[in-house]
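Heads up: the structure comes next, in structure tokens.
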Amino acid sequence: MGRRLLLKVSDIMLKEYENPVVPVTECVKELITTISKKNAGAVSIIDGKGALVGLITDFDIRKTIPVKD
């Protein structure tokens with residue numbers, strides 16, 4: 001537990017090109033493709049000015065898609 005207290009967000013976050021980002025105008029298919037290609041658990045959604053407007057996780061997607069039993 002001691003070492004975890006010394007970690008900073010910047011130590012574990014995805015940086016620059018590693019961070020999956022899609023514009024707010026992009027389709028859901030591209031969003032899923034981006035998460036998969038970057039092997040990340042979430043994607044940042046940005047507006048036309050590059051400002052963060054949202055974050056969608058792979059869990060958000062999975063809980064939205066109906067599963068047939």
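Just so you know, all these numbers are worked out from the coordinates, no wet-lab data involved. In this text, all values refer to a predicted model and were calculated from it rather than measured experimentally. Here Cβ is always computed from backbone atoms with ideal geometry, including for glycine, and neighbour counts include all displayed protein chains.
Rounding to the nearest 10 and keeping the result within 0 to 90°, find how far the Cα-based axis of helix 28-38 lies from the longest principal axis of the chain.
Approximately 30 degrees, to the nearest ten.
If you stretched the chain out fully between residue 27 and residue 65, how much longer would it get, using 0.36 nm times the residue separation minus the C-alpha to C-alpha distance?
Difference between extended and current length: 12.2 nm.
Quick one: of the DSSP bridges fully inside the chain, what percent are antiparallel, nearest 5?
The antiparallel fraction comes to roughly 60 percent.
Using only helices, what value at 222 nm comes out for the chain when you add -39,500 (n - 2.57) per DSSP H run of length 4 or more and divide by the total residues, to the nearest 500 deg cm²/dmol?
Helix contribution divided over all residues of the chain: -9500 deg cm²/dmol.
Putting +1 on Lys and Arg Cβ atoms and -1 on Asp and Glu Cβ atoms, find which of 21, 33, 53 reaches farthest to the positive end of the dipole of the range 10-69.
33
Taking amide H positions as placed in the peptide plane 1.01 Å from N, state which residues far from residue 46 in sequence (5 or more) or on other chains have amide H under 5 Å from it.
Correct list: 22, 24, 53.
Straight-line reach only, C-alpha to C-alpha below 29 angstrom: list the lysines that residue 63 could link to, leaving out same-chain residues fewer than 8 apart.
15, 29, 37, 38
Normalised by the number of residues in the range 8-58, what is the relative contact order in percent for Cα pairs under 8 Å and 6+ residues apart?
In percent, rounded to a whole number, it is 32.
Which of 24, 53, 43 moves most in a GNM of the chain, Cα contacts under 10 Å?
53
Could you tell me which GluC sites (Glu not before Pro) in the chain are loop residues by DSSP with no more than 15 other beta carbons within 10 angstrom of their beta carbon?
When the GluC sites (Glu not before Pro) of the chain are filtered for loop state and at most 15 Cβ neighbours within 10 Å, 26 remain.
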